[in-house]
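Read the figures in this text as sums done on the coordinates, not as results from a lab. All of these numbers come straight from a predicted model, not from anything done at the bench. We place every Cβ from the backbone using ideal geometry, glycine too, and count neighbours over all the protein chains shown.
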Amino acid sequence: MSSEISVYDVVIVGFGPSGAAAANAAGGLGLHTLVIERDLAIFERQRAIALDDEALRVIRGLGLYDEVTAHMHLGVTARFVGLDGKPFLATPAEPTAYTGHSLTNFFHQPSLERALRDGLKRYAAVEIKAGWTAQFVDQDSDGVTLRLGNDDGDRRDVRAQYVLACDGGSSSLRKQLGVAFAGTSYAEQWIDVQALVKRPLHRDPHFDFVCSPDRPGVRCPCPGGYYRWEWRVNPGEDAEAMLDEDNVWKLLAEEGVTPDDVDIARTWSYTFHVRKAQQWRVGRVLLLGDAAHVMPPFAGQGISGAFRDAANVVWKLEAVVRGRASDDLLDTYQTEREPHHDAMTHRAVTFGRIVMTSNHTIARLRDRAFRAATKIPGVMAALLRRFGAPTPLGPGCLRARDGGTHWSDT
Ligand SMILES: Cc1cc2nc3c(=O)[nH]c(=O)nc-3n(C[C@H](O)[C@H](O)[C@H](O)COP(=O)(O)OP(=O)(O)OC[C@H]3O[C@@H](n4cnc5c(N)ncnc54)[C@H](O)[C@@H]3O)c2cc1C
């Protein structure tokens, strides 16, 4: 093991979307930063697809709006398609008054991550170590010690004033700190098929939740010439068998898609989780993104939440590191972010219930009720207020419990 210990303002563990956004924010503020990533290259699978309006505002704040949106579909309409194959609800594509960006915008995750990583070339103070795994050793009143290791058997310790654990849903740092990740995992599995389009599919350019009681699913035109389908695995079915190539072509044939139209690029199965860390800060270690919270994908909030985390925490960290604020300021990360995260989780779970209604009679009533309600003036606006508008900032560093303003400083 190397005996020389490097010391940083902040070490970011994990170079997924959370870590890359936090690293750009830290670089922009001149923090001496080290990013540790276990993998040597970007994970080339498209997982997340949607960014909301606030996430785009965060990207703009990082100075990467043009670079990131160059690979995106902006202002997408997400539709909930009923039993008759027609939408009973659709989100508006227009920019919101609050941010000036649309609510639903699609990206190709590897391209998004590449743009974020390229953004770091602007900052000499940010160092990246790919192919290294970080492990929490201990923390004291001066900083945190992490042990890094790689596949060649090299080991070294680093010190940081603060550590951002951006190491994903199965965060080893969270486990090493003994923080519970309470919540539930859904029983249902889903399969996901990502295909490269060879000739125009002549389909609506919208994102569709297919709200069928027999086989709920998703249809989604993606940036980069991809198209994606997802289907629920029904009780008694086997996800692996459903991913058999012949079966995938059968499912695609029901969508009117043949091998002349697309090449299957990737297939996989997954399940949903609703879990969050009980503490988002343990002394000098803060949990961000999936390390702090996971939710079902129905509201497209995984990466938007991660970007909100980075935007909330990094400027506070800089104020503390530079001695302009006491470290109490860092406690406002969870008090400000958690109520918003809970509201987004409620949104994702509600959307999931609408999509996965399993009873035909209830599904028929659902379709009729939404169609009737959205024709009544003001109802659509109320629905958007409930499910589309941002949740107001709760008590934190700028808003005290009594509704007044306070600033936690030294
Ligand atoms: C099928 C599916 C659909 C989804 N759809 C959406 C969507 O539409 N919109 C949306 O916003 N989100 C969606 N998500 C969720 C989204 O993909 C995640 O929220 C997002 O990737 C989380 O980013 P992250 O950076 O926090 O974690 P991750 O992307 O998991 O990145 C963590 C990184 O940390 C690294 N790492 C882990 N441990 C260590 C260690 N000890 N040392 C060094 N490196 C380490 C890993 O290699 C990885 O690169 C979806 C997820 C799935 C599975």
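Note down the magnitude of the dipole of the chain about its Cα centre, charges +1 on Lys and Arg C-beta and -1 on Asp and Glu C-beta and zero elsewhere, to the nearest 20 debye.
Result for the chain is approximately 1220 debye, rounded to the nearest 20.
Of 213, 72, 98, which is farthest along the charge dipole of the chain in the positive direction, counting Lys and Arg as +1 and Asp and Glu as -1 at C-beta?
After comparing all options, I get 98.
Could you work out how far apart the two model spin labels at residue 374 and residue 90 are, taking each label as a point 7 Å from the Cα in the direction of the beta carbon, and quote it in nm?
Going by the 7 Å Cα→Cβ label model, 0.8 nm.
Just tell me which lysines come within less than 27 Å, Cα to Cα, of residue 121; anything on the same chain fewer than 8 places away is out.
129, 316
Using the alpha-carbon atoms, what tilt in degrees (0 to 90, nearest 10) does helix 17-28 show relative to the longest principal axis of the chain?
It works out to around 40 degrees.
Determine the dipole magnitude for the stretch 186-273: charges of +1 sit on the beta-carbon of Lys and Arg, -1 on that of Asp and Glu, nothing else is charged, the reference point is the Cα centre, and the result goes in debye to the nearest 20.
360 debye
Along Cα→Cβ, 7 Å out, is where each label goes; now give me the distance between the ones at residue 360 and residue 196 in nm to one decimal.
Inter-label distance under the simple model: 4.2 nm.
Which value in deg cm²/dmol, rounded to the nearest 500, describes the helix-derived mean residue ellipticity at 222 nm for the chain, given -39,500 (n - 2.57) per DSSP H run of n ≥ 4 and division by the residue count?
Roughly -9000 deg cm²/dmol at 222 nm, from the helical runs in the chain.
Using only Cα atoms, tell me the angle between helix 302-321 and the longest principal axis of the chain; keep it within 0 to 90° and round to the nearest 10.
20 degrees
Less than 15 Å Cβ to Cβ from residue 46, Lys/Arg counted +1 and Asp/Glu -1: what total charge do the surrounding residues give?
So the environment of residue 46 carries a net charge of +1.
What shape does the stretch 1-51 take by its C-alpha gyration tensor, where a ≥ b ≥ c are the square roots of the eigenvalues and a/c under 1.5 counts as rounded, a/b above b/c as prolate, and the rest as oblate?
oblate
Compute the angle between helix 332-355 and the longest alpha-carbon principal axis of the chain, please, reported from 0 to 90 degrees and rounded to the nearest 10.
The answer is roughly 20 degrees.
Top mean-square fluctuation among 79, 57, 324, Gaussian network model of the chain, C-alpha springs under 10 Å?
324
Relative contact order for the stretch 186-273 using alpha-carbon pairs under 8 Å, separation at least 6, rounded to a whole percent?
So the answer I get is 46 percent.
Which value, in Å³ per residue, describes the convex hull spanned by the Cα atoms of the stretch 124-235?
Spelled out: Cα convex hull of the stretch 124-235, divided by residues, is 234 Å³.
How large is Rg over Rh for the stretch 186-273, taking Rg from the Cα atoms and Rh as the Kirkwood inverse mean of 1/r across Cα pairs?
0.94
What whole-number distance in Å separates the alpha-carbon centres of the stretch 198-254 and the stretch 1-49?
34 Å
Give me log10 I(q)/I(0) at q = 0.07, 0.12, 0.15 Å⁻¹ for the chain, Debye formula, one equal scatterer per alpha-carbon, no solvent.
-0.35, -1.01, -1.45
Which of 378, 153, 30 ends up with the largest GNM mean-square fluctuation for the chain, with Cα atoms connected below 10 Å?
Result for the chain, Cα springs under 10 Å: 153 fluctuates most.
Of 331, 208, 246, which is the most mobile in a GNM of the chain whose springs link Cα atoms less than 10 angstrom apart?
With Cα springs under 10 Å in the chain, the top fluctuation among 331, 208, 246 is at 246.
Rounded to two decimals, what is the ratio between the C-alpha radius of gyration of the stretch 60-100 and 2.2 N^0.38 Å?
Relative to the 2.2 N^0.38 Å estimate, the stretch 60-100 comes out at 1.62.
Take every Cα-Cα pair in the stretch 208-356 and report what % of them are more than 21 Å apart.
Across the stretch 208-356, Cα pairs with separations above 21 Å total 57 percent.
Just need log10 I(q)/I(0) for the stretch 317-359 at q = 0.25 Å⁻¹, Debye formula, equal scatterers on the alpha-carbon atoms, no solvent, rounded to two decimals.
Debye intensities relative to I(0), on a log10 scale: -0.81.
Under a crude label model (7 Å from the Cα following the beta-carbon direction), how far is residue 234 from residue 60 in nanometres?
Simple spin-label model gives 4.6 nm for this pair.
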